[in-house]
Structures are given as structure tokens and as C-alpha cells.
1. Restricting the first residue to segment 94-111 and requiring it to be on the phi < 0 side of the Ramachandran plot and at pLDDT 95 or above, which pairs with a second residue that is surrounded by 11 or more Cβ atoms within 10 Å (Cβ to Cβ) and in a helix (DSSP H, G or I) meet a Cβ separation below 6 Å and a spacing of at least six or different chains?
2. Does any residue of segment 112-123 turn out to be exposed (fewer than 15 other Cβ atoms within 10 Å of the Cβ) and in a helix (DSSP H, G or I)?
3. Could you tell me which residue of segment 184-214 is farthest from the chain's Cα centre (by Cα), considering only residues that are at pLDDT 95 or above, closer than 11 Å to residue 51 by Cβ and surrounded by 22 or more Cβ atoms within 10 Å (Cβ to Cβ)?
4. Is one or more of the residues making up segment 140-162 surrounded by fewer than 18 Cβ atoms within 10 Å (Cβ to Cβ), at pLDDT 95 or above and closer than 22 Å to residue 83 by Cβ?
5. Within segment 59-79, can you find the residues that are touching a helix residue (DSSP H, G or I) at 6+ places or on another chain (Cβ under 9 Å), surrounded by 12 or more Cβ atoms within 10 Å (Cβ to Cβ) and in a loop (DSSP other than H, G, I, E, B)?
6. What's the number of the condition residue 46 fails, among (1) at pLDDT 95 or above; (2) surrounded by fewer than 16 Cβ atoms within 10 Å (Cβ to Cβ); (3) more than 18 Å from the chain's Cα centre (by Cα); (4) not in a helix (DSSP H, G or I)?
């Protein structure tokens, strides 16, 4: 999976009526609640955003996209310059904070995230995108960042790229019980539909006033 928003702590699954309405058992009319809310807010001219948190609690719920020959996901050393370069290129179109960090700010950013894992999305040998993961207590994995650089957006790579990223999240450590991520109405418009098609289900939404995006999720 990350905003014109400040970074949030690990989200806790909701229970009760809200979870029942938007979780794994929700019908199609309920599943589009976040999208309808976003459209309503946009029509009213509100300058903030809606952040949607999605989860998968069983690896068998993954609905894989058709494989794309030449698209791979491989380990990326955190010292590689691609970690910064790809985040900047992915995030710039959506106003992610990473797109404007100074060198000193990047040093601080890495120091505050010593355990974050990075994976490189490549297409036919060329760097095409990035996935970043945080392992949280309770055997949970957050896809903290996921996206493709602009030159690879719109080439029907997003579905299989996300499939690879989700599969990898389930296999990061033994005993993973849940993976989750979040996206925003200020991210790519195909992001939320892609997550839902792969089997991720919303469990929380937040309305936030306009701000500069932290690192996040693209298509």
C-alpha cells in the first residue's frame, strides 16, 4: 500500500454495525459508500479528502489479476537511491509530501523507519514502481506505500502489480493474520477500485481537511 494527510498509527479493525456495513460481507451498494461520499464531497466543493482504510484477513480472499509477463517484484535495499527516486516520481502527481522532501528530511525519514521494507516493481527490466511494508504487532502487515511511476500508469499493470504486492505481504513473516493499507480521494482515481477488485475490503473512512500528502498509495 499511505497523504495530503499526516501519517496515522496502525489502524484498528472496527466492530459492530459499521464493520458489518462495509466489511467482507457488504453488498455492492454498501461497498461503494466511500466512492459515493467522495463524489458528494467533491460536488460540494470541499477541499479536503476522504481516506479509506482497507484490509484482508485471509490470504484466500485475494482475487489475483491476470499475470503480466515481464512484471516482477523483488527486494530493494533501503540504501538504494531508487527508494527515494521512485517515491518522488510516484508521489509527485498526487502531492505526496515525499515529492518535496529535502536531503536532510530524507535522512530523518529513514532514521524514523528503521524496519520498513522496500520492494521494487520492474517491468521488462525497467524500474516501474515501489511497494513498502511495515510489520505491526499482532502479525499485521501494512502496505505503507504502493504505486507506479507515471510512465507505467495506464498500461494495465496496476492489477497484477498489486497482486504481487499483496502476495508478498502475506509471505513477509510466518503467521501473518492481516494486511491493510489506506488510500485517499486525492490519490489516483483507479486506486480504490483496484484495491477492492483484489479482495481488500474497507473497514474505516476518515474525512480530513486539505493538507499536504504523506507517502501513500497510488494505482
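The values are calculated or read from the model by the stated rules, or taken from the named source; none is laboratory data. None of these values were measured; they are calculated from a predicted model. Note: ideal-geometry Cβ built from the backbone for every residue, glycine included; neighbour counts use all protein chains shown.
1. Listed by first residue and then by second, the contacts come to 106/84.
2. No.
3. Within segment 184-214, the match that is farthest from the chain's Cα centre (by Cα) is 202.
4. Yes: one or more hits.
5. Hits for segment 59-79 are 62, 63, 64, 65, 68, 78.
6. (1)
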